[in-house]
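First comes the structure, then the notes that go with it.
The values are calculated or read from the model by the stated rules, or taken from the named source; none is laboratory data. Note that this is a predicted model, so its numbers are computed, not measured. Cβ atoms come from the backbone with ideal geometry, glycine included; neighbour counts cover every protein chain shown. The protein model used for the area step is the full one, side chains on, heavy atoms only, and it has no ligands, DNA or RNA in it. Shrake-Rupley method; radii C 1.70, N 1.55, O 1.52, S 1.80 Å.
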Amino acid sequence: MAVKMVAVNKQAKRNYEISETFEAGVVLHGSEVKALRESKVQISDAYARFENGELWLVGFHISQYTKASTHRRPEPTRKRKLLMHRAELNRLFSKTEQDRLTLVPLSLYFKDSRAKLELGLGRGRKTVDKRQLIAKRDADR
C-alpha cells in the first residue's frame, strides 16, 4: 500500500487534545483530485460535522486545477461528503454529541490512488493549556 502525503494540519495537535483518529474517504470531482495531486489544498481551517446522519467536511479549500475545463469548475470551499462505515459514523456521532468533542482533519493523503482524510476526535485547548504544553516541551528539550 503506497501512501502519498498531500497535506498535514500542523495546528491541530497544538489547538486540540486528540484522543482518537479515524480514516475517512472523501467524495471529490475529477479536477479536484488533480489539484490534490499537485498539493493545492488547505486543511487548517477545516472541520467535520454531522448533517442528517452523514458526515460532511466544511472549510476545506481545494484550489482550482488550472488545466481543467472552464464549463464545470467546483466551488473551492464547498462542503464535501466523508465516507465511513455506518457503525463508525454512529459511534462518532454519539461521542461528538455527548462529550462535546470536535472532529478535526489531521492529514490528507492518497492510499492506493484514493483520497483519504485522517480525522482526529479531540477537545479544544484553552490558551493556558497551550502555554503549559509549550513550556513542558521546552523543559524536556
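If one computes the Cα centroid of the range 1-23 and of the range 82-141, what distance in Å separates the two points?
Distance between centres, Cα-based: 7 Å.
What accessible area per residue, rounded to a whole number of Å², is obtained for the chain using a probe radius of 1.4 Å?
With all protein chains present, the chain gives 63 Å² per residue.
Using the Cα centre of the chain as the reference point, and only Cβ charges (+1 on K/R, -1 on D/E), how large is the resulting charge dipole? Debye, rounded to the nearest 20.
For this selection, approximately 380 debye.
Amide H to amide H under 5 Å from Ala115: which residues, 5+ apart in sequence or cross-chain, H placed 1.01 Å off N in plane?
Those lying under 5 Å, H to H, from Ala115 are Val26.
Return the Cα extents of the chain along principal axes one, two and three, sorted largest first, each rounded to a whole Å.
Sorted largest first, the three principal extents are 53, 36, 30 Å.
Measure up Lys10/Lys67; Lys81/Lys111; Lys79/Lys130; Lys40/Lys67 against 23 Å on the Cα-Cα distance and list the ones that go over.
Lys10/Lys67; Lys79/Lys130
Report the one residue of Thr21, Gln132, Leu89 whose Cα lies farthest in the direction of the positive end of the charge dipole of the chain (charges on C-beta: Lys and Arg +1, Asp and Glu -1; origin at the Cα centre).
The listed residue farthest towards the positive side: Gln132.
Pop the C-beta distance of Glu20 and Arg141 into the FRET formula with R0 = 30 Å and round what comes out to the nearest 0.05.
0.60
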